[in-house]
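The values are calculated or read from the model by the stated rules, or taken from the named source; none is laboratory data. Just so it is clear, the model here is predicted, and its values are computed rather than measured. Note that each Cβ is placed from the backbone with ideal geometry, even for glycine, and that neighbours are counted across all protein chains shown.
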Amino acid sequence: MLLTPLFACRQNSTNKVDEIYTEKGEWDSARIPFIKPYEAVIFGKKEGWGMSLHSFEGEGSMISNIREATVVNGFVLVHTDSTLLNGIEIKQSCWVVSPSRKIEKGFSDHHEFWTSLKTLGFDEEPRLHDIEVIAWFYEDHVPWTGMK
(Lines give C-alpha, C1' and ligand atoms only; values in the text may rest on other atoms or scores of the structure.)
Protein backbone atom coordinates (compact mmCIF):
# COMPACT_ATOMS: atom_id res chain seq x y z
CA MET A 1 0.00 0.00 0.00
CA LEU A 2 1.44 3.33 -1.02
CA LEU A 3 1.18 6.02 1.65
CA THR A 4 1.34 9.74 1.07
CA PRO A 5 4.99 10.77 0.99
CA LEU A 6 5.88 12.12 4.40
CA PHE A 7 8.72 14.36 3.45
CA ALA A 8 9.90 16.07 0.31
CA CYS A 9 13.61 16.67 -0.08
CA ARG A 10 14.31 20.26 -1.01
CA GLN A 11 17.02 20.74 -3.60
CA ASN A 12 19.02 23.78 -4.66
CA SER A 13 20.00 24.72 -8.20
CA THR A 14 22.84 22.15 -8.26
CA ASN A 15 20.40 19.36 -7.28
CA LYS A 16 22.07 18.94 -3.89
CA VAL A 17 19.66 17.77 -1.18
CA ASP A 18 19.37 20.19 1.76
CA GLU A 19 21.17 18.73 4.80
CA ILE A 20 18.08 19.08 6.99
CA TYR A 21 16.59 16.16 5.03
CA THR A 22 19.66 13.90 5.17
CA GLU A 23 21.24 14.54 8.59
CA LYS A 24 20.31 11.83 11.10
CA GLY A 25 21.25 13.68 14.29
CA GLU A 26 23.83 13.36 17.01
CA TRP A 27 25.05 10.06 18.43
CA ASP A 28 22.74 10.33 21.45
CA SER A 29 19.60 11.66 19.81
CA ALA A 30 17.55 10.89 16.73
CA ARG A 31 15.76 13.40 14.54
CA ILE A 32 13.15 13.30 11.80
CA PRO A 33 12.96 16.21 9.34
CA PHE A 34 9.50 17.42 8.41
CA ILE A 35 9.46 20.69 6.41
CA LYS A 36 12.40 23.03 6.93
CA PRO A 37 12.89 24.28 9.64
CA TYR A 38 10.59 21.80 11.46
CA GLU A 39 11.88 18.49 12.73
CA ALA A 40 11.01 15.99 15.46
CA VAL A 41 13.75 15.20 17.96
CA ILE A 42 13.70 12.41 20.53
CA PHE A 43 14.63 13.47 24.04
CA GLY A 44 14.54 9.98 25.58
CA LYS A 45 12.18 7.10 26.28
CA LYS A 46 10.36 8.98 29.06
CA GLU A 47 10.23 12.39 27.35
CA GLY A 48 9.45 11.04 23.87
CA TRP A 49 9.52 13.00 20.62
CA GLY A 50 9.20 16.79 20.46
CA MET A 51 9.17 19.55 17.86
CA SER A 52 10.21 23.17 18.32
CA LEU A 53 7.81 25.82 17.16
CA HIS A 54 9.20 29.00 15.69
CA SER A 55 6.29 31.24 16.64
CA PHE A 56 5.53 33.74 13.95
CA GLU A 57 3.93 36.05 16.50
CA GLY A 58 6.41 36.04 19.37
CA GLU A 59 8.32 33.60 21.56
CA GLY A 60 8.95 30.06 20.34
CA SER A 61 7.78 26.98 22.21
CA MET A 62 7.73 23.21 21.83
CA ILE A 63 5.29 20.39 21.16
CA SER A 64 6.10 17.33 23.28
CA ASN A 65 4.99 13.69 23.41
CA ILE A 66 4.41 13.39 19.66
CA ARG A 67 2.68 10.08 18.88
CA GLU A 68 1.73 10.50 15.21
CA ALA A 69 2.62 12.84 12.35
CA THR A 70 2.55 13.35 8.62
CA VAL A 71 3.51 15.96 6.04
CA VAL A 72 1.00 16.69 3.32
CA ASN A 73 0.46 19.61 0.93
CA GLY A 74 3.03 21.79 2.72
CA PHE A 75 1.58 21.12 6.19
CA VAL A 76 3.06 19.27 9.14
CA LEU A 77 0.23 17.57 11.03
CA VAL A 78 0.96 16.21 14.52
CA HIS A 79 -0.99 14.34 17.21
CA THR A 80 0.37 14.23 20.77
CA ASP A 81 -0.29 12.72 24.15
CA SER A 82 -0.08 15.12 27.10
CA THR A 83 1.58 18.40 26.18
CA LEU A 84 1.28 22.12 26.81
CA LEU A 85 -1.19 24.11 24.74
CA ASN A 86 -1.28 27.85 25.40
CA GLY A 87 0.57 27.22 28.68
CA ILE A 88 -1.94 24.64 29.93
CA GLU A 89 -1.19 20.92 30.16
CA ILE A 90 -3.74 18.88 28.21
CA LYS A 91 -4.18 15.12 27.69
CA GLN A 92 -3.78 15.21 23.92
CA SER A 93 -3.54 17.69 21.07
CA CYS A 94 -3.54 17.99 17.28
CA TRP A 95 -1.37 20.54 15.49
CA VAL A 96 -1.33 22.19 12.07
CA VAL A 97 2.00 23.74 11.09
CA SER A 98 2.85 25.43 7.78
CA PRO A 99 6.04 27.46 7.35
CA SER A 100 4.89 29.00 4.05
CA ARG A 101 1.56 30.13 5.52
CA LYS A 102 3.10 31.06 8.89
CA ILE A 103 0.73 28.75 10.78
CA GLU A 104 1.46 27.00 14.10
CA LYS A 105 -1.89 26.11 15.63
CA GLY A 106 -2.73 23.53 18.28
CA PHE A 107 -6.14 22.08 19.13
CA SER A 108 -7.34 20.16 22.17
CA ASP A 109 -10.52 19.20 20.31
CA HIS A 110 -10.31 16.89 17.27
CA HIS A 111 -13.45 18.41 15.68
CA GLU A 112 -11.84 21.89 15.76
CA PHE A 113 -8.67 20.42 14.23
CA TRP A 114 -10.64 18.87 11.35
CA THR A 115 -12.69 22.06 10.86
CA SER A 116 -9.43 24.01 10.57
CA LEU A 117 -8.07 21.56 7.99
CA LYS A 118 -11.23 21.96 5.91
CA THR A 119 -10.83 25.76 5.91
CA LEU A 120 -7.26 25.21 4.68
CA GLY A 121 -8.52 23.22 1.67
CA PHE A 122 -8.43 19.60 2.88
CA ASP A 123 -11.25 17.42 1.50
CA GLU A 124 -10.28 14.34 3.52
CA GLU A 125 -8.56 14.04 6.86
CA PRO A 126 -4.99 12.87 6.22
CA ARG A 127 -3.74 9.69 7.83
CA LEU A 128 -1.11 10.30 10.49
CA HIS A 129 1.66 7.74 11.03
CA ASP A 130 3.10 6.43 14.28
CA ILE A 131 6.23 8.45 15.09
CA GLU A 132 8.24 5.30 15.85
CA VAL A 133 7.38 3.87 12.42
CA ILE A 134 8.41 7.16 10.82
CA ALA A 135 11.72 7.08 12.75
CA TRP A 136 12.39 3.51 11.68
CA PHE A 137 11.63 4.37 8.05
CA TYR A 138 13.81 7.48 8.09
CA GLU A 139 16.74 5.54 9.55
CA ASP A 140 16.69 3.17 6.56
CA HIS A 141 15.63 5.55 3.77
CA VAL A 142 17.71 8.73 3.82
CA PRO A 143 16.81 10.97 2.08
CA TRP A 144 13.05 10.59 2.48
CA THR A 145 11.24 9.18 -0.50
CA GLY A 146 7.94 8.39 1.20
CA MET A 147 6.60 5.38 3.07
CA LYS A 148 5.27 2.27 1.34
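Looking only at the stretch 13-57, how many residues end up being modelled with pLDDT of 65 or more, among the aliphatic types (A, V, I, L, M) and not in a loop (DSSP other than H, G, I, E, B)? Quick ask: steps written out before the conclusion?
Initially, the stretch 13-57 is screened for residues modelled with pLDDT of 65 or more, giving 30-55.
This time we only want the ones that are among the aliphatic types (A, V, I, L, M), so: 30, 32, 35, 40-42, 51, 53.
Subset that is not in a loop (DSSP other than H, G, I, E, B): 32, 40-42, 51.
So the answer is 5.
Restricting to the stretch 75-90, name every residue that is over 11 Å from the mean Cα position of the chain (by Cα) and not aliphatic (A, V, I, L, M).
Taking the stretch 75-90 as the starting set, the residues that turn out to be over 11 Å from the mean Cα position of the chain (by Cα) are 81-90.
Those that are over 11 Å from the mean Cα position of the chain (by Cα) and not aliphatic (A, V, I, L, M): 81, 82, 83, 86, 87, 89.
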Across (1) at pLDDT 90 or above; (2) surrounded by fewer than 19 Cβ atoms within 10 Å (Cβ to Cβ), residue 10 clears everything bar (1)
Condition check for residue 116: more than 30 Å from residue 45 (Cα to Cα), surrounded by 13 or more Cβ atoms within 10 Å (Cβ to Cβ) and among the small types (Gly, Ala, Ser) = yes
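Run down 104, 139, 132 and say which single residue is at pLDDT below 95 and touching a strand residue (DSSP E or B) at 6+ places or on another chain (Cβ under 8 Å).
Working: 139 fails: touching a strand residue (DSSP E or B) at 6+ places or on another chain (Cβ under 8 Å); 132 fails: touching a strand residue (DSSP E or B) at 6+ places or on another chain (Cβ under 8 Å).
After ruling out the rest, the residue left standing is 104.
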Enumerate the pairs (first residue in the stretch 101-130 and of a type in the set (Lys, Arg); second residue anywhere and surrounded by 14 or more Cβ atoms within 10 Å (Cβ to Cβ)) with beta-carbon separation below 6 Å, excluding pairs fewer than 6 apart on the same chain, so at least 6 apart or on different chains.
-> 105/96
Got a sec? Which of 65, 86, 73 is at positive phi, modelled with pLDDT under 85 and among the polar types (S, T, N, Q)?
-> 86
Exactly one of (1) in a strand (DSSP E or B); (2) modelled with pLDDT of 90 or more is unmet by residue 111. Its number?
-> (1)
For the stretch 59-115, which residues satisfy the criterion of being within 18 Å of residue 49 (Cα to Cα) and of a type in the set (Gly, Ala, Ser)?
-> 60, 61, 64, 69, 82, 93, 106
Considering only residues that are small (Gly, Ala, Ser) and loosely packed, with under 12 Cβ neighbours inside 10 Å, look in the stretch 33-85 and name the one that is farthest from residue 122 (Cα to Cα).
-> 44
